[in-house]
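Worksheet: one structure, shown below.
The values are calculated or read from the model by the stated rules, or taken from the named source; none is laboratory data. As the structure is a prediction and not an experimental result, all values here were calculated from the model. For neighbour counting, all protein chains shown are included, and Cβ atoms are generated from backbone atoms with ideal geometry for every residue, glycine included. These area figures cover heavy atoms from the full protein model, side chains too; ligands, DNA and RNA do not enter into them. Shrake-Rupley method; radii C 1.70, N 1.55, O 1.52, S 1.80 Å.
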Amino acid sequence: MLADAATSVLAIAALVIAMYSQWVWADPAVGIIGSLVIASWAFGLIRDSGAVLLDVSVDKNLEAVIRDRLETRGDRVTDLHLWQVGPGHRAAVISVISDHPLPSATYKRRLNGLRV
């Protein structure tokens, strides 16, 4: 929304400049600049939202810590999806294979105190 407001202000400024200085190229030039600003903003939005939608995890260290805490006594993490759901908040879906499974609360306790 901020990028849209900025391009609108630039367009008004270009029209005023063109009106007083007879620079007929000012409005098209600002239009091109505005479209580049919007395209840059849209690319960033698509990149960031795509990473969330595609379950991209950028914190390999946190994944390693989770695996270390859960893979004990022969337990194996076979599937780990970790993603950011908000500033400083992460969610995870984890599959653990075990010959001697423990209650899920035990595995959750192993993950207590993680800093993201």
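Just to confirm, what accessible area per residue do you get for the chain at 1.4 Å probe, in whole Å²?
74
Go through ILE12, ILE17 and list them by solvent-accessible area, largest first, probe radius 1.4 Å.
ILE12, ILE17
Efficiency by 1/(1 + (r/R0)^6): what FRET value for ARG76 and LEU53, r their Cβ-Cβ distance, R0 = 30 Å, to the nearest 0.05?
After rounding, the FRET efficiency stands at 0.60.
Which residue fluctuates the most in the chain, going by a Gaussian network model with Cα springs under 10 Å, if the choices are HIS89, HIS81, HIS100?
HIS100
Taking every pair of Cα atoms in the chain, average 1/r, invert it to obtain the Kirkwood radius, and report Rg/Rh to two decimals.
1.37
Whenever you get a sec, line up TYR107, TYR20 from highest to lowest accessible area (probe 1.4 Å, protein heavy atoms).
Order by accessible area, largest first: TYR20, TYR107.
Using the Cα centre of the chain as origin and beta-carbon charges of +1 (Lys, Arg) and -1 (Asp, Glu), tell me which of SER8, ALA39, SER95 is placed farthest towards the positive end of the dipole.
So the residue furthest toward the plus end is SER95.
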